[in-house]
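Values quoted throughout were computed directly from the atomic coordinates according to the rules given, and no laboratory measurement underlies them. Owing to the predicted nature of the structure, the values given are computational and were not obtained by experimental measurement. Don't worry about glycine lacking a Cβ; one is built from the backbone with ideal geometry, like all the others, and counts go over all protein chains shown.
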Amino acid sequence: MEKANPEQVGDCPDRPPYELLLICPSGLSPSQVSVVFDEAYDRIPHPAIDLENSVSEIWDLRVQQNSSLFNGKKFRYGGHALLSGADSDHLPRVCLHLGLTDYRTFVGTNLNPMWEKFLVPSEDDCRKCQHTSSPLGNGAVVETSDKKILVLQRSYNVGEFPGHYVFPGGHPECNPDFIGISRRDLNMRPTAFFFIKCNLQSKEIQQFYSRAQDGYESTQLYTVSMKDLEIMASKMPGCHQGGFALYKLMVEVAKHT
């Protein structure tokens, strides 16, 4: 388990569209991941009044264009701490630092055409994003019992790893391992990724998907091979490309253990 250096990840001409903020290639069980939820990790309003006012302006404009939009609470990523071998079992642990934000603020900062102006120069990666909403997304690399991997297609033809709604309320056959956090360069959206080795076959998972409460958020669920996933990943949003990079690191570590 390691904290990646974002500068090292991106210091090459063919820089990938993501940063790996945390790498856990061996995977962490739920008992190895904890959370500190505190208002100290909430967003700090930007001191430039005009820029800060644009948050409401952008949201109001989006609502006018799409009346189905609604606001909702989200957890805000404020960093993490590595707790290697802190307890008697000597297992590595990570503590996520989370504040509170909402979808309105995400649209008004991270999805703002001026989103880069919300960033401030800082050696501390989280302080650099202190004026953005930075809601923590979630994605799962799910392997089925017939050796397929799940990929969702959004309505705008972008593939992504599924989030929580593939298995409504969880499923006893699916135990997630935390493999790290990736953040896309475009609008700085962080996403926590999990690996799930599922005892269900592809057809069974399609049945769950057909009944998913949030199924309207996507148009199709694919079950693909590792080779096909390699091709599809290049068309995913940056944070999900980072999720694929985390998965590949996990696979390489597994080969040598």
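Quick look at the numbers
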| read-out | value |
| --- | --- |
| Antiparallel DSSP beta bridges within the chain, percent to nearest 5 | 70 percent |
| Choice from Glu143, Glu230, Glu19 showing the highest fluctuation, given a GNM over the chain with Cα pairs closer than 10 Å | Glu230 |
| Evaluated at q = 0.08 Å⁻¹: base-10 log I(q)/I(0), Debye formula over Cα of the chain | -0.33 |
| The chain, helix-only ellipticity at 222 nm - DSSP H runs n ≥ 4, -39,500 (n - 2.57), divided by all residues, nearest 500 | -7500 deg cm²/dmol |
| Amide proton proximity set for Ser133, modelled H, under 5 Å, gap of 5+ | Thr109, Asn110 |
| Most mobile of Ser210, Ser67, Ser31 in a GNM of the chain (Cα contacts under 10 Å) | Ser67 |
| Projected-area average for the range 12-164 over all orientations - Cα convex hull basis, square nanometres | 12.9 nm² |
| Distance between modelled label sites at Ile49 and Arg211, nm, 7 Å Cα→Cβ extension | 5.6 nm |
| Extended-chain gain in nm, criterion 0.36 nm per residue less alpha-carbon gap, Ser225 and Cys95 | 43.5 nm |
| Cβ-derived FRET efficiency at R0 25 Å, Asp60 paired with Glu39, nearest 0.05 | 0.45 |
| Under the span-like rule (Cα at least 20 Å along the axis, Kyte-Doolittle mean at least -1.0), DSSP H helices of the chain | 49-65, 238-255 |
